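Just below is one structure, and these are the notes that go with it.
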Amino acid sequence: MDLDEIKTKLQGITKTDDLDILTKDLVRTHDLEIIVTSIVTKLFQRFESTMDKKLNTKLATVQKEMQEMQNKFEALSIENEELRKQIDQTRDVVIKNKKGLEDSTRMNQEALTSANYNEQYSRKNNIKVMNFPRREDQNLRSDFIETVRRDLNVHLEERDVVAIHRLPSDKPGPKPMIVRLFNSDVKRKVMVERKNLNNKVRISDDVTWRNMQLISKLRDMNCFESVWFYNSGVYGRMEDGLQLKFNLFDNIRTRLQHSK
């Protein structure tokens with residue numbers, strides 16, 4: 001087939017009207033693309049604008065909240081710093097008061113120890129007599145001198161008994177009796193022989209209330225084989241033979257630990 005024949009056939013197939021229609025269709029499609037593109041662009045721009053507004057609003061809210069949190073944090077930091085200063089000041093006051101209390105306690109203990117020692121020293125020639133018989137119109141001095149002579153074989157003169165009197169007591173039986181002897185030699189004679197008493201009468205040192213409390217405390221601990229009072233002091237002996245003298249405010253267990 002030659003070229004002329006091909007042209008003839010094509011002319012029979014494609015008409016000018018058809019080309020016009022196709023051209024119009026192409027124009028419409030192009031316009032449609034432009035319109036769609038424009039719409040999409042506007043929608044995107046509107047979406048972008050809306051998102052920007054929302055993001056800006058959200059960002060502003062977040063920034064505001066962060067600023068509020070920052071303000072609260074700074075306020076808390078200031079408050080914490082003030083509290084720390086108050087705590088430091090309180091600690092200083094507590095330490096100062098503690099030291100003052102410790103000093104006051106130490107001075108008080110020293111004063112009580114000194115007063116107790118002086119009181120005990122003033123009783124150094126005294127003895128305490130328990131269960132001494134009582135009778136009507138009793139002459140305590142004469143009866144005591146006679147009892148000591150008869151039971152202890154210790155001969156006392158009237159002047160050897162400086163003072164003698166009974167103590168108040170709510171317990172049944174004869175009231176306790178305090179005897180002040182002339183000197184330590186006279187007292188020593190009586191104390192050495194007191195073990196020979198054959199009746200219920202008992203003789204002991206005239207011990208202060210605080211020293212009696214210390215003696216009771218030592219005995220209640222069940223750590224000592226024996227506890228006794230001698231020459232204004234309180235003593236305790238352990239089962240291993242360790243013997244210690246104790247003061248009123250000693251930490252007894254600490255002393256025992258350090259003595260091992």
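Here are the numbers:
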{"quantity": "For the stretch 207-260, convex hull of alpha carbons as volume per residue, Å³", "calculated": "69 Å³"}
{"quantity": "Gyration tensor (alpha-carbon) shape descriptor, the stretch 108-188, a/c threshold 1.5", "calculated": "oblate"}
{"quantity": "P(r) tail fraction, the stretch 162-240 - alpha-carbon pairs more than 16 Å apart, %", "calculated": "65 percent"}
{"quantity": "Candidates Ser226, Ser216, Ser169, ranked by Gaussian network fluctuation over the chain, Cα under 10 Å, top entry", "calculated": "Ser169"}
{"quantity": "Kyte-Doolittle mean at least 0.5 and Cα axial length at least 24 Å: DSSP H helices in the chain", "calculated": "none"}
{"quantity": "Between the stretch 220-244 and the stretch 162-201, the alpha-carbon center distance in angstrom", "calculated": "23 Å"}
{"quantity": "Cα-Cα over 24 Å, subset of Lys98/Lys245; Lys124/Lys171; Lys128/Lys245; Lys124/Lys195", "calculated": "Lys98/Lys245; Lys124/Lys171"}
{"quantity": "222 nm mean residue ellipticity, helices alone, for the chain (DSSP H n ≥ 4; -39,500 (n - 2.57); rounded to 500)", "calculated": "-21500 deg cm²/dmol"}
{"quantity": "Max mean-square fluctuation residue, GNM over the chain, Cα-Cα springs under 10 Å, options Asn183, Asn211, Asn116", "calculated": "Asn183"}
{"quantity": "Spherically averaged projected area in nm², based on the convex hull that wraps the Cα atoms of the chain", "calculated": "42.6 nm²"}
{"quantity": "Amide H within-cut-off set for Met221, under 5 Å, with H built and near neighbours excluded", "calculated": "none"}
{"quantity": "Choice from Leu218, Leu101, Leu83 with maximal GNM fluctuation in the chain (Cα, 10 Å cutoff)", "calculated": "Leu83"}
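Since every read-out is calculated from the coordinates, none of them should be taken as a lab result. Quick caveat, the model's predicted, so the values are computed rather than measured.
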